[in-house]
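Comments concern the structure below.
The values are calculated or read from the model by the stated rules, or taken from the named source; none is laboratory data. Note that the structure is a prediction, hence the values are computed from the model and not measured. Heads up, the Cβs are rebuilt from the backbone with ideal geometry, glycines too, and the neighbour counts pull from every protein chain shown.
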Amino acid sequence: MVRKVKPIWEALGKLDRRWVYLFVSLSILFPLLFPLNLPLTVTKHVKAVYDRIENLPDTSAVLIAFDFDPSSIPECLPMAISLCHHVMKSGKVLIVYTNFPETGPIAERVLEPLAAKFQREYGKHYVNLGFKPGNDVLLMALGSSWTTSFPKDFRGNSTQEMEIFSRFPSYRHLSFMVDVAHGATVDFYITIGLAQFGVPLAAGVTAVSIPQYEAFVQTGQLVGLLGGLKGAAEYEKLVGTKGKATRGMDAQSVAHLVIIFFIFLGNVSVVRNIILKNISAMRIKK
Amino acid sequence: MLRFTAIIICGIAGLIILVEFFFRIPLFTKLQNGMMDWVIILLSFSYLMGGISIFLSHLQRIQRKYDGWYYSLVLVVCLLLMVTLGIFVDYGPNGAFQWLFKNVQNPMQSTMFALLAFYVSSASYRAFRVRNLHATLLFVAAVLVMIGKVPIGEILWSKFPEISQWILSVPSLAAQRALTIGAALGLIATGLKTLLGIERSWLGK
Amino acid sequence: MIGTWVAAFFTLAIFSFLYRDNPIYRLAEHIFIGISTGYYIAVQWHSVVKPNVVDKVLLGDYLPLIPGVLGLLLLLRLIPKYQWIARYPIAIYIGVGAALNMIQYTQGFLIAQIQGTMLSPTSINNLLIILGTLTSLTYFFFALEHKHLSKVSKIGIGFLMLSFGAAYGTTVMGRLSLLISRFDFLLFEWLGGMF
Amino acid sequence: MKSLSLSLFIIGVIFCTFQISFGNSISTKVQIDSLKIAVNNQQSLPSKVHLSKPEIQPLFKTERLNVFIFLIIISALVLTFLFLAKRNHSLTLRKIAGLDAIDEAVGRAAEMGRPVLFVPGSMDVDRIQTLAGIAILSKVGYECATYEVDLDVMTRFPLLMSTSQEILRQSYLTAGRPDLFSPDRVQYITDNQFAFAAAITGHMVRVKTAAHFFIGEFYAESLVISEAGNTTGAIQIAGTANSHQLPFFLASCDYTLIGEELFAASAYLSREPILLGTILGQDWSKALFGLLIVLGTLAAWFGWTDFIHWFQTE
């Protein structure tokens, strides 16, 4: 005879969803107001990207592609900021463009303060080409030259006379690139940028895409991989800035614990039923 | 007959790319570079067409007084405002166009996906049931990856980050690789059928 | 400051959907679609139509006129009577897209991924990767009804479940980061800005 | 005749515009000497060096030979099975486990005497996954007709609504119960993503539907629908090829068609030759790749590296 399941276990599995919303919100608000500053260790995928940029010769050009839209700003923007910070600080030439219509102005707001901080001259040390549609077709066109596809940069001045494009006339002349992306744009930087033009790359992706691009790190097609807010926080730590990603990590930790607690809570009644059934089944067998 | 011409053009355009990829013929390289610039312009016009079709469909709702047509009126007014501001008035960084983009479009686009965090959390609690072996594997991998990907996980037990990374770079990698191969095959087959005119859904009615 | 207040209003308007679907949410939703569609049209004009076509033609280079005219033909798709003309410009970029897909995914995805799985099965991890890839592939094999194949694909589904579990974990992580940044905005930029 | 001449004219116009824009290259002599394959100095171009004109380059880019062969094999497999599928209609796939789950779900709904809800994805008819969803809708319609269960369909686009109505009318007819079919049970709700999800959850709770089918192309709203559906206790069958949504369907649904299983199920049902041929062609390509992986593993074990090197992309 199966013992009647006490209502408390049943009730725990049937809480109203607004309780969950409340607990998750609290689990985020408290760490934001009272930071815990939990220590963060840097993983090898992120360190590989940092080392590759650090050891590039000073005369090399690096492309940081801002391939994300406002819905992925929280995860991708801190990555883009710390990557541009690192490229400018270590004296390499920085080229920026985006495959997303919304991200031209966002890139501009990132580059301005950094350029002032490291005294980088626009058109000579860094340039923001803004948005152009075409994705893989655009990259194919960039393989032959930057200036035909981007006659004007984001600010509207012509790219023909810029010193950057006389030193690095096409995508093939890049030494390295990082695609900070919220979706599938990484694919064509691998299949065209690397396979056809030979430019090695790494990717900074939203957490959602981590499992998918892990396979490309194993084959060596991606030099490294920054994953989600944690990847951004790790790179901020390597570069030595304390940006939004680091601030968000405490809240991320507590929120994860709360969600895991709820997953277990939801399954308590289920697991109890299974155990009870097994016990009663064994008793009947005896 | 005219449909047949469109299919021929589609085939020729694809053929140029394929021939240029495998053979060093300067003519085809020139043709390909020219075509790439053309396609960028055509794609831009196709996005314009998408925006205009949204404008026309909501305009129609206003004329036909569908229920909630006043919402469409608000939409049409906002759309025209942004287009006139962007193209004719001031596209610069501190103009009204960028102000509206920064303070209206950005926050809403981010918040819409932030909503999902609430739904993910309530789904984790109410729907994530360990019904069978498959759901158990799903449960174990989800919890281990989540605990390993945050600093607090490392404090609880130093092995958590390693386990989480192991799951991502061995079992999950193998399954993702099979999915990637499957997806790649699907795209190659669809590309082949499109160039040969077997796949015609893009032609429309 | 007004900007932050406007942004905060629209953020809360979208969050109000959590309670239930309400007129404020619908209004905010339609304002969002109107503003973003208008934004995309203006950006397409400034990023492609103006620099790559209009400016070049004004400078006397008439070559981009051809794709420009083909682009205008594309817009005829909106008029049902002349819809058929739009097929020709569409044919060009559909053909280019199809061919590019075939090359890219064969070289970068198929060959590279297969070669990446050719590992010597000496270490446990390599063995698991090879085994996992092969068994997961058999799960997606529909051609033959084969007795022991179904046992192999049972192992494959195990690997797939672990992979989707990992994807579930990373998705929760990603969505939470979005929520954290919205709360960060509301707390520090909006409310913080007031104190 | 008129259309023939018109189409030739159009091809002519486009071809000569190409010629005008790139005129100078066509008139120059195609480099005949590059046709003479240079046997020895097969020097592959380091990408860093600017494209200085090396001497004779072989016409065929030999470093891309493996891509060429892969493409030829895959195309050959897909085209032969397309041809076979068109010719004899006995060609078929193995039984898809998901389809038994559909019968069981509709049966359960019949026992409980509650209606069934079907959502053919949140995209329009021009998407492949939506077409697969509709093929499965016709089977569900057939089952509902035989079990005499009410079937509600909710769509996000008017075109998809009318297509679903036609499909259901047909499947009720083949089940011999055209009287049971009522077109107004197939509704077009709204084209807004989250409002569509909210309307579906409202319907599930209000009407207390016993079985839910979410089969087609879903995005972020999949989570909202499947979570709410799960809590009503209904049996849920899902199917999509978007891998980002699969974790949620797997967590909250009783059975999920994963990725290509969705297309295989719709091909199994609709017997449509093009879809069937493509899937079979892809299957045998996968079998070949599996074999290559096994051979490559053995090669790696015994150190025969130039087999692996042959697959090296540039």
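What tally of residues in the stretch D:217-235 results from selecting those that are of a type outside the set (Asp, Glu) and either at the interface with chain B (Cβ under 8 Å from one of its Cβ atoms) or surrounded by fewer than 24 Cβ atoms within 10 Å (Cβ to Cβ) (or both)?
Residues that pass the stated criteria total 11.
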Self-check item: Residue in the stretch A:42-54 that is in contact with a Pro (Cβ under 8 Å, 6 or more places away or on another chain), in contact (Cβ under 8 Å) with a residue 24 or more places away in the chain and within 21 Å of C:VAL172 (Cβ to Cβ) present
Solution: yes
Self-check item: Wholly enclosed helices (runs of 4 or more DSSP H) of the stretch C:28-133 bearing at least 2 residues at the interface with chain B (Cβ under 9 Å from one of its Cβ atoms)
Solution: C:65-75, C:87-104, C:112-116
Quiz item: Which pairs do you get when a residue that is of a type in the set (Phe, Trp, Tyr), found in the stretch B:19-37, comes within reach of a residue that is outside any helix (DSSP H, G or I) and surrounded by fewer than 18 Cβ atoms within 10 Å (Cβ to Cβ), reach meaning Cβ atoms under 9 angstrom, with the pair 6+ apart or on two chains?
Solution: B:PHE22/D:PHE60; B:PHE23/D:LEU59; B:PHE23/D:PHE60
Quiz item: Cβ-Cβ below 8 Å, separation at least six or inter-chain, first residue in the stretch A:250-276 and free of Cβ contacts under 8 Å to residues at least 24 places away in the same chain and surrounded by 16 or more Cβ atoms within 10 Å (Cβ to Cβ), second part of a helix (DSSP H, G or I) and of a type in the set (Val, Ile, Thr): which pairs?
Solution: A:GLN252/C:ILE180; A:HIS256/B:ILE147; A:HIS256/B:ILE152; A:HIS256/C:VAL172; A:ILE260/B:VAL143; A:ILE260/B:ILE147; A:ILE263/B:VAL143
Self-check item: Verdict on D:SER122 being touching a Ser or Thr at 6+ places or on another chain (Cβ under 7 Å) and touching a residue at least 12 places away in the same chain (Cβ under 8 Å)
Solution: no
Self-check item: Any pair with Cβ under 6 angstrom, 6 or more apart, that starts in the stretch D:61-80 at a residue that is within 11 Å of D:GLN282 (Cα to Cα) and in contact (Cβ under 8 Å) with a residue 40 or more places away in the chain and ends at one that is surrounded by 13 or more Cβ atoms within 10 Å (Cβ to Cβ) and of a type in the set (Gly, Ala, Ser)
Solution: D:ILE74/D:SER285; D:LEU77/D:GLY281; D:LEU77/D:SER285; D:VAL78/B:ALA189; D:VAL78/D:GLY281
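Could you list all residues from the stretch C:1-11 that are crowded, with 17+ Cβ neighbours inside 10 Å and without any contact (Cβ under 8 Å) to a residue 60 or more places away in the chain?
The one that is crowded, with 17+ Cβ neighbours inside 10 Å and without any contact (Cβ under 8 Å) to a residue 60 or more places away in the chain: C:PHE10.
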Exercise. Please enumerate the residues belonging to the stretch B:132-162 that are aromatic (Phe, Trp, Tyr) and at pLDDT below 90.
Key: B:TRP157
Quiz item: Hey, which of the helices (runs of 4 or more DSSP H) in the stretch A:61-148, taking only ones fully inside, have at least 1 residues that are in contact (Cβ under 8 Å) with a residue 60 or more places away in the chain?
Solution: A:73-89
Quiz item: If a residue has to be within 30 Å of A:PRO74 (Cα to Cα) and away from chain B (no Cβ under 13 Å) to count, how many in the stretch A:240-286 make the cut?
Solution: 4
Exercise. Looking for whichever is at pLDDT 90 or above and either among the acidic types (Asp, Glu) or under 22 Å from the mean Cα position of the chain (by Cα) (or both) here; the options are B:LEU185, B:LEU195. Which one fits?
Key: B:LEU185
Quiz prompt | Output for the stretch B:122-133, where each listed residue is surrounded by 21 or more Cβ atoms within 10 Å (Cβ to Cβ) and either in a helix (DSSP H, G or I) or in contact (Cβ under 8 Å) with a residue 60 or more places away in the chain (or both) | solution = B:SER122, B:ALA123, B:SER124, B:TYR125, B:ARG126
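Among the residues of the stretch B:73-121, how many are hydroxyl-bearing (Ser, Thr, Tyr), more than 7 Å from chain C (Cβ to nearest Cβ) and crowded, with 20+ Cβ neighbours inside 10 Å? It would help to see each step written out before you state the result.
Taking the stretch B:73-121 as the starting set, the residues that turn out to be hydroxyl-bearing (Ser, Thr, Tyr) are B:84, B:91, B:110-111, B:119, B:121.
The next check asks that each one be more than 7 Å from chain C (Cβ to nearest Cβ); those that pass are B:84, B:119, B:121.
Filter once more, so that each one left must be crowded, with 20+ Cβ neighbours inside 10 Å: B:119, B:121.
Going through the stretch B:73-121 one residue at a time, the tally reaches 2.
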Quiz item: Of the residues D:ALA299, D:ALA210, D:ALA234, which single one is over 16 Å from the mean Cα position of the chain (by Cα) and within 22 Å of A:ILE263 (Cβ to Cβ)?
Solution: D:ALA234
Exercise. Please state which one of D:GLN170, D:GLN165 is touching a strand residue (DSSP E or B) at 6+ places or on another chain (Cβ under 8 Å), surrounded by fewer than 19 Cβ atoms within 10 Å (Cβ to Cβ), free of Cβ contacts under 8 Å to residues at least 40 places away in the same chain and not β-branched (Val, Ile, Thr).
Key: D:GLN165
Self-check item: Complete set of residues in the stretch B:169-203 that are over 21 Å from D:LYS286 (Cα atoms) and either more than 7 Å from chain C (Cβ to nearest Cβ) or touching a Ser or Thr at 6+ places or on another chain (Cβ under 8 Å) (or both)
Solution: B:SER169, B:LEU196, B:GLY197, B:ILE198, B:GLU199, B:ARG200, B:SER201, B:TRP202
Quiz item: Checking D:ASP254 against (1) under 29 Å from D:GLU104 (Cβ atoms); (2) crowded, with 21+ Cβ neighbours inside 10 Å; (3) over 19 Å from the mean Cα position of the chain (by Cα), which test does it fail?
Solution: (2)
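Matching residues to (1) at the interface with chain C (Cβ under 7 Å from one of its Cβ atoms); (2) among the hydroxyl-bearing types (Ser, Thr, Tyr):
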{"site": "B:ILE9", "(1), (2)": "yes, no"}
{"site": "B:ILE17", "(1), (2)": "yes, no"}
{"site": "B:PHE28", "(1), (2)": "no, no"}
{"site": "B:ASN33", "(1), (2)": "no, no"}
{"site": "B:LEU43", "(1), (2)": "yes, no"}
{"site": "B:SER46", "(1), (2)": "yes, yes"}
{"site": "B:GLY51", "(1), (2)": "yes, no"}
{"site": "B:GLN63", "(1), (2)": "no, no"}
{"site": "B:TYR66", "(1), (2)": "no, yes"}
